[in-house]
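If you scroll down you'll find the structure; I have some questions about it.
Just so it is clear, none of the values below were taken in a lab; they were calculated from the coordinates. Quick caveat, the model's predicted, so the values are computed rather than measured. As a convention, Cβ positions derive from the backbone with ideal geometry for all residues, glycine included, and neighbour counts pool all protein chains shown.
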Amino acid sequence: MIRIDHLTKRYGERTVVNELNLHVEAGQVYALLGPNGAGKSTTIGCLLGFVRPDAGTITLAGSPLSPAEAAIRHAAYIAENVALYERLSGVENVDFFMRLLGRRLPTGEIEALLARVGLPQHAWHRKAHGYSKGMRQKVGIVMALAKGARVLVLDEPTSGLDPEASVAFGSLIREVADGGAAVIMATHDLLRAQELADRCGVLVGGRLVSEWKLGELNAGELERNYLGSLAARA
Amino acid sequence: MIRTLALIRFDLRALLRERGTLLLLAAALLLALYGLFEGMRFHRHAQATQHAAAAQEAGARAAANDLAARYFANPDAPEFAGLRYYRTPVDVRGYAFREHVGFASLPALPGAALAIGEADIRPSTVRVRAESMESVRTAAEIEHPARLAGGRYDLMFFVVYLWPLVLLSLCASVLTQDRESLRLRSLLLQGVGSSRILFVQAGARALLATVLLSAVVAAIALATGSVPSDASGLQAIARWAGIVLLYSTFWSAVAAAVCACCASRMSAAFAGFGLWLLFVIVAPAAIDAAARLAAPVPPRERYVQAMRDAIDGVNANRAASLARFYDSHPEWRPARTAPGDVSSSVSRLHRAQELERTMQGVEREFAQAEGARAMLFARLSALSPVTLANAAFAAAAGNDYARHRRFVGEVERHQNALRDWFQDAIQRAALGDERTGCARTCLGGYGFRDFDRVPRFSASAALAQPTGLPQRAWLLLGWAGAFGVLALAALARERHRQQRG
Amino acid sequence: MQANSNAITSAASPHALDGVGRGVWRHAFLGAWLADWRERRRDWRVALVLALGLALAASAALLAALDLERARSARGAAASAESARWIGQGSKNPHSAAHYGVYAFKPLSTLAALDPGVEHYVGTSIWLEAHKQNDMVYRPAADGAGADRQFRLSPALVLQVLAPAAMIFLGFGMFAAERERGMLPALRLNGAPLGAIAAARGAVLLCLALAMSLPAVVAIALVKWHAGDAEPLHDAGSRTLLFAAGYLVYLATWAALVTAASAFASTMRSALAMLVTAWTLSNLVVPRAAVELAQAAAPLPSTHAFRQAIDDELGMPDDPAEAERHKRQLLQQYGVDKVEDLPVNWSGITQLRSEAHGNAVFDRHYGPLFAAMAAQDRAIAVAGWLSPAVAIGGLSSRLAASDNASHVEFVQAAEQHRRLMQELLNSDLARHPDRDGVKYEAGEVLWRSIPPFRFTYAPTDWGQLFTRWLLPLLAGLGVALALALASLRRLRSGSVK
């Protein structure tokens, strides 16, 4: 699970994240919405231990460790553009990242994971240089699965994906969440958020101004609520 | 350990799959082998010169023996009708001042082909004349001066000047590419710190390239005979490879520092080239300029004038100095000839010694100035890793200034012995000639046939012995350490900045 | 260095190109020029590179000027001392004076302060004595401590090696940065002639590089002011002008190459890589390889073999039969029976014959040696078509009279003077027979009759200079400009990526 309590971060005079409280339980998908500059990336940075907050606490997977250490043990991160080693194949990329964790995965197991996420077989041993964005996202998911991540952090994961790939990606995320991981997804994609997330929050000016359970809203309602939240803060 | 090995293994795998990397390494090896070829050619030419000199010396001695056998058997033979005493070996004066052929050769070390160093301006084979060291001091090989001015393209040139560019190119993407592609966060989340990524990958790339270079050069050098295929040759290769490794360590530390500071590969390439220019061209040029300014050597025109003044002085005081000479060597004093009337060929060596005595002050002044400049340069070279590497390669190959100076010192001792030997021979011959009064060159007078007893130069064992890895080369590790610390500081600063925002 | 983007906003609309092309071009050039200067002035990296470059250039110029002054002063003093020594040597047999000889010292041109060429590696003085064609001795490099074998700071190094590097630093992002930032479409749509923008940016680069030559100009002016009679060039003025023009062409070539690479490359990194590779090959590899390969064109003998060949020939006496015939002819001419009764000095005549014999031997050996060196010079010059650095290096040292050909010129002039000296001394000896067993002695009158050795370099062979150095340099500029034009065409109509 992910627990953020009273998170505050300032850059000079500007408060980028302001007393943010956010909880995501295991098995849940949380969509973090908000305009550019709302503080989503900073929140993610704090969550993963890349940015030191000025105030507040972050707990990942119930671990007493610092966010940085807990993230190493329990978290996986999929950026907007999953950066793979271009000259290594999909299998080699996964193998490499796992070895960095100190684990050796047999090639068969990696291939099984790649098959599970739907990466075409002909791409498994092909250099990542030729992978599409969707294929890279799939490799990112495999790394999260292979790591056994209990926290999955996504940053604009469906940006640039075609609708089919976007749907496929969403299913995989659902699968990961159903496996017990807490997923937080920073996104502008309201449609995917509505389809995928259990809950969503709107971050504006570093504050969480609204939160909804998405099972209660359809896409149109979500959009109206979202825009209404932005207008209220303007 | 598994993490470190993974960082190395997969990074090298990805690197070697890049066509550009393979082309770069291939081009580097070709350039290195061309340099080795040039060094080998120079070394073989020097060896050929030494052999030719030895053959000429032996041939001249054999010819002199043969001529002496024929002449002293029948001096009145028609073939000897036009013989002039000053142009023939059978007269000790002619032999000492013209016909004597004696060379001194600096033995080549096993690794000589690996670095030409200063061997092109300080010849390894010099003719030694009884009269003075002038022929040794002004010895020069016939070369197009542009070859000397531009410097040789040899293996040392490649390693010192071009190899760093190869290393910097290979390492410019370490960490910077991860930053550019935003892959760094994913790597950090695997529990691998940026400093480990940086030093392990930069180190592995540089080490792989260095091992490849060393192995290929070693194999070709041994196969072509550039370096002897025996224990001494292998030791020479090992010394050379050791210096290459130290030098590569320095430049990989520079690359690491650059990659730690720069956000992108482009910035790293830019900064790397700038540092290369600074270390390879600017720093050595600055050291040279500083040494020239702070420790000037007097102009040689002053030396020439001092020598001319000394010659004038010696000639003006000839009679008096000869009298002093015969006072200290009464066994050579002529019975019937006044010192002032002694022939110039008999007093010639004495005059040469008088000239040297008169020039001692000037010689010392020049030697001290050169020594001061050499010392200053050696001290300042600690500030220039490239200069350190240059000096180390030249010293390991035995083609450095210091070794040549030791050689000249041994030649000087030999030349003194040679002069003393001929002085004794000429003075006794003069006494004999006074007694016998031969109309022509004859035994008992100036006749001479002791060619085999004339001292010959032999280099000391110490001169033929290679030294170990030059001490000052280890300073390169200090420089590498400094840049390593700089890299760590840059990474810490980056982490702090990211944390604080 | 980031290219400036302000130039994009500077130009006229595409429609204006149609009738007033040149005006548009000028307008675009001026706009881009001003925008680029504005950008450069605000960029601390430009200031850093320029400051470093100027510091190096100033140090080089100062050192060079001091070195030249010192060398000229020393050689001038030594030459005067030799002259006084020769005149004041007292009465002696002319043949003794011939053996006493005189030292000659090689003069240095003012331009040699900028480009010392081979001066550091050739002898500075030569002993002119009887029976021997000596070599020049006392190379400054032999007194060095090894520092000299690395890069020696001189204005030529700054202009030939460091200035192009500075241009690469300052200009590699000229167009590549815009391509990388995705501003290429905007640049195209702007309508300003890319050639005008490129010319303006290239001109700015050139001006920055030329700024590094200012200290050299100052140094030359100062040295020239002190030179007085010490200048061994008649045509110093025209040489200096061509020297400056040559460097202008060289730096313009690099400005064009930087423009071409930046316009051609898809990323700044590949532009930098291309330029660094070109610079390394042109400045470091090709010049050395050219000199090495030139050895194959005309190999030089080893010193050992050369000296042995001369000694062997000199060792053979002058034809005794011919000498005997000459003697009998003289005896008959003067109607005497003995050499001692001749009204001429047979010893002097013998010396004349001996010198003639020796001179023929020297010519037979030194002639081919110098011819081989000249052949190597020609071979090296061919590399000027591949590397602008070789072309400018050759032109620069030739004009500064610090190249090998100039050195050989001095050596040959010194040898001619030596032969003149021997001819005059031996002729005087021949005219004055010994009397009553007393050897003839000459005095100050004869010594003064020997003209002092004053050397100036021959006027420049403009034809040779043009074909050997200037033409390759200009061709290099042409090729660089063509590459720049082709790259700009690609920039205008090729892929935006």
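When we measure straight from the Cα of residue C:92, which aspartates and glutamates land under 12 angstrom away, once same-chain ones fewer than 8 places off are left out?
C:441, C:444
Going by how many other beta carbons lie within 10 Å of each one, how would you line up C:467, B:138, fewest first?
Ordered from fewest to most neighbouring Cβ atoms within 10 Å, C:467, B:138 come out as C:467, B:138.
I would also like to ask the following. Which whole-number percentage describes the relative contact order of chain C, with Cα contacts under 8 Å and a sequence gap of 6 or more?
Result for chain C is 25 percent.
Please compute, for peptide B:3-14, the average count of beta-carbon atoms on other protein chains lying within 10 Å of each residue's beta-carbon.
Per residue, the average neighbour count from other chains is 4.
Could you size up the charge dipole of segment C:333-480 around its Cα centre, putting +1 on the beta carbon of Lys and Arg and -1 on that of Asp and Glu, and report it in debye to the nearest 20?
520 debye
I'd like the isolated cysteines in chain B, meaning no second cysteine's beta-carbon lies under 4.7 angstrom from theirs.
When partners are defined as cysteine Cβ atoms under 4.7 Å apart, chain B leaves B:171, B:259, B:261, B:262 without one.
Evaluate the charge dipole of chain B about its Cα centre and quote only its size in Debye, nearest 20, assuming +1 on the Cβ of each Lys and Arg and -1 on the Cβ of each Asp and Glu.
1800 debye
Sticking with this one: Give me A:110, B:116 ranked fewest to most by other Cβ atoms within 10 Å of their Cβ, as a rough exposure proxy.
Ranking A:110, B:116 by Cβ neighbours within 10 Å, fewest first, gives A:110, B:116.
Here's something else I'd like to know. All other residues with a Cβ under 9 Å from the Cβ of residue A:199 taken together, and with Lys, Arg as +1 and Asp, Glu as -1, what is their net charge?
Taking every other residue near residue A:199 into account, the sum is -1.
For every other residue with a beta carbon closer than 12 angstrom to the beta carbon of residue C:130, add +1 if it is Lys or Arg and -1 if Asp or Glu, then tell me the sum.
Result for the neighbourhood of residue C:130: 0.
Output the pairs from A:147/A:213; C:106/C:132; C:132/C:439; C:132/C:338; C:106/C:224 with a Cα-Cα distance over 26 Å in this structure; if there are none, say none.
A:147/A:213; C:132/C:338
Here is a follow-up. Give the residue from C:163, A:53, C:113 lying farthest towards the positive end of the charge dipole for the protein assembly as shown; charges sit on Cβ (+1 for Lys and Arg, -1 for Asp and Glu) and the dipole is referred to the Cα centre.
A:53
Another question about this same structure. Using the Karplus curve 6.51 cos²θ - 1.76 cosθ + 1.60 with θ = phi - 60°, work out ³J(HN,Hα) for each residue of segment B:122-129 in order, rounded to whole Hz, and write x for Gly and Pro.
10, x, 8, 10, 10, 8, 10, 10
Also: Residue by residue through C:134-143, how many Cβ atoms from other chains fall within 10 Å of the Cβ on average?
6
Using a/c under 1.5 as the rounded threshold, could you call segment B:165-291 rounded, prolate or oblate? The axes a ≥ b ≥ c are square roots of the C-alpha gyration tensor eigenvalues, and prolate needs a/b larger than b/c, oblate otherwise.
oblate
Just to confirm a number: summing +1 for Lys and Arg and -1 for Asp and Glu over residues other than residue B:311 whose beta-carbon lies under 13 angstrom from that of residue B:311, what do you get?
Once positives and negatives cancel, what remains is -2.
Please report the relative contact order for chain B, taking Cα pairs under 8 Å with a sequence separation of at least 6, and give it as a percent rounded to a whole number.
It comes to 25 percent, rounded to a whole number.
Using +1 at the Cβ of each Lys and Arg and -1 at the Cβ of each Asp and Glu in chain A, identify which of A:200, A:222, A:66 lies farthest towards the dipole's positive end.
Projecting each Cα onto the dipole axis, the largest value belongs to A:66.
Which one, B:128, B:304, C:276, projects farthest toward the positive side of the charge dipole computed for the protein assembly as shown from Cβ point charges (K/R +1, D/E -1)?
C:276
Also, I was wondering about something else. Using a 10 Å cut-off around each Cβ of peptide B:164-172, what is the average number of partner chain Cβ atoms that fall inside?
1
Rounded if a/c is under 1.5, else prolate if a/b beats b/c, else oblate: with a ≥ b ≥ c from the C-alpha gyration tensor eigenvalues square-rooted, which is segment A:156-202?
Taking the square roots of the gyration eigenvalues as a ≥ b ≥ c, segment A:156-202 is oblate.
May I pose another question? Quick check: Cα centre of segment C:278-347 to Cα centre of segment C:43-66, how many Å?
The two parts, judged by their Cα centres, are 49 Å apart.
If you average the sequence gap of Cα pairs under 8 Å that are 6 or more apart and divide by the length of segment C:42-187, what percent do you get for the contact order?
In percent, rounded to a whole number, it is 26.
Now, a different point. Give me A:147, A:133 sorted ascending by neighbouring Cβ count inside 10 Å, so fewest comes first.
Final ranking by Cβ density, sparse to dense: A:133, A:147.
Another question, if that's okay. For chain A, which longest stretch is free of loop sites, where a loop site is one of the GluC sites (Glu not before Pro) that DSSP puts outside H, G, I, E and B and that has at most 14 other Cβ atoms within 10 Å?
It works out to A:26-234.
Right, something else. Can you order the peptides B:30-37, B:170-177, C:272-279 by their average number of other Cβ atoms within 10 Å per residue, highest first?
B:170-177, C:272-279, B:30-37
Turning to a different aspect of this structure: From the square roots a ≥ b ≥ c of the eigenvalues of the alpha-carbon gyration tensor of segment A:80-126, which class results: rounded (a/c under 1.5), prolate (a/b over b/c), or oblate?
Oblate.
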